[in-house]
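The values are calculated or read from the model by the stated rules, or taken from the named source; none is laboratory data. None of the values given here were measured: they were computed from a predicted structure. Please note: Cβ atoms are built from the backbone with ideal geometry, for glycine as well, and neighbour counts cover all protein chains shown. SASA here: full protein model, heavy atoms, side chains in, ligands and nucleic acids out. Shrake-Rupley method; radii C 1.70, N 1.55, O 1.52, S 1.80 Å.
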Amino acid sequence: KKISLTLFIGGMTCAACVRHVEGALKSVPGVGAVTVNLATGKAAVEYDPMQASLADLKNAVENMGYSASLEV
Ligand code: 9UX
């Protein structure tokens, strides 16, 4: 069973930032669909909790130089 959640991403200022964040999240094993919105700063992520954790998602984003949290 997959989990769907929304992360709030900090530090995105251009379209390339969006691709960086999408790429980081999609590179985490167990992550499926990822949709990042520059205007809202939200990242919609589907993942298999047996393969990936929230911490894995946050680490992937933070390693690319952005912040990630469940709340604004
Ligand atoms: Mo755009 Mo984002 O040139 O870190 S990639 S600002």
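List of remarks:
- Couplings 3J(HN,Hα) of the stretch 49-57, computed from phi: x, 6, 10, 9, 10, 4, 4, 4, 5 Hz, in residue order, whole Hz [Karplus 6.51 cos²θ - 1.76 cosθ + 1.60, θ = phi - 60°; x for Gly and Pro].
- Percent of Cα-Cα distances greater than 19 Å, calculated over the chain: 20 percent
- Note on the chain: helix-only mean residue ellipticity at 222 nm, from DSSP H runs of 4+ residues weighted -39500 (n - 2.57) and normalised by residue number, equals -9000 deg cm²/dmol.
- Accessible area of the chain belonging to carbon and sulfur atoms, whole % at 1.4 Å probe: 55 percent
- Accessible area (Å², per residue) of the chain, counting only protein heavy atoms and a probe of 1.4 Å: 57 Å²
- A DSSP coil position with no more than 11 other Cβ atoms inside 10 Å describes the following trypsin sites (Lys or Arg not before Pro) in the chain: K1.
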